[in-house]
Amino acid sequence: MTLPKHIAIIMDGNGRWAQLRHKPRVFGHIKGTRVAKKIITACSRKGIKNLTLYAFSTENWLRPSAEVSFLMNLLRRYLKKETENLVKENIRFSIIGDISRVPSDVKDAITKAMHATSKCTGLNLVFALSYGSRQEITEAVRTIVAKVAAGELAASEIDESTINGALSTYPTPDPDLILRTSGEMRLSNFLMWQAAYSEFFFTSTLWPDFTEADLEQALEDYSGRQRRFGAVLTNDENLHH
């Protein structure tokens, strides 16, 4: 099986999962966190090099304050509880996104987790937290413009690699496979620049019901695809990573 070097997952459906069971939305988030732990471990043990999870979007700040507060506390508790296990599994943890609005105790947990796992050499686990792709690209433009204004960079020198280098995902490679649960078929402001040649896998399964078997199905589906990157394949060409 040809494994993707980078999987990105839009973990969707926690609220609907809870509502179908006549429970508050927070029950779905709790179950979703447990599923995330299982999938992280599965990816690590399969030898996946990079995994990005869409944990909290910039738009999620518009949710009811009680739900936002619960999600932040859930993240803090997860990091405090799981950092030791991440080290044990040789998983390096990092964040992309604007965390200026994140509570200070959550920032502290993030910093400690990143420091504790900084020397890990296995799976590169990235949480997209308070992340939005349009905001990321806008910030990259600001960075590049500032360099041009300071005379550090000529406008004629700007190319794709310049933009790549200014994005918060750098130097993580672009995702080979983007997976979204719950039946929705859109990116929702997630890794839009990086997804230019990603393969997509959509499933109607709600995230709290997502299993390692579902992950295996997505990987098998990906392995059977021919990735052209805009080119035309001849019979003897194989452009799989």
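So here's what we get for this one:
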item	result
Among the listed pairs LYS107/LYS147; LYS88/LYS112; LYS5/LYS80; LYS23/LYS88; LYS23/LYS49, those beyond 25 Å (Cα-Cα)	LYS107/LYS147; LYS5/LYS80; LYS23/LYS88; LYS23/LYS49
Segment 1-78 versus segment 182-203: alpha-carbon centroid distance in Å	16 Å
³J(HN,Hα) computed for each position of segment 204-218 - Karplus, 6.51 cos²θ - 1.76 cosθ + 1.60, integer Hz, glycine/proline x	7, 4, 6, 3, x, 9, 5, 10, 4, 5, 5, 4, 4, 4, 5
The chain, relative contact order [Cα under 8 Å, separation at least 6], %	28 percent
Residue of ALA196, ALA231, ALA55 that the Gaussian network model of the chain assigns the largest fluctuation, springs spanning Cα pairs under 10 Å	ALA231
Among PHE70, ALA42, GLY122 - extreme Cα towards positive end, dipole of segment 1-129, charges at beta-carbon	ALA42
Choice from SER168, SER94, SER69 showing the highest fluctuation, given a GNM over the chain with Cα pairs closer than 10 Å	SER69
Cβ-defined net charge surrounding ARG76, 10 Å radius [Lys, Arg +1; Asp, Glu -1]	+2
The chain - mean residue ellipticity at 222 nm from DSSP helices (-39,500 (n - 2.57) per run, n ≥ 4, rounded to 500)	-14000 deg cm²/dmol
Calculated volume of the Cα convex hull per residue in Å³ (choose from [x] 144; [y] 185; [z] 123), label	[x]
Contact order relative to length of segment 132-195, as percent, for alpha carbon pairs under 8 angstrom and 6 or more apart	49 percent
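Bear in mind these aren't lab numbers, they're just calculated from the coordinates by the rules spelled out. The structure displayed is predicted, hence computed values, not measured ones. Because the Cβ atoms are built from the backbone with ideal geometry, glycine has one as well, and the counts that use them run over all protein chains shown.
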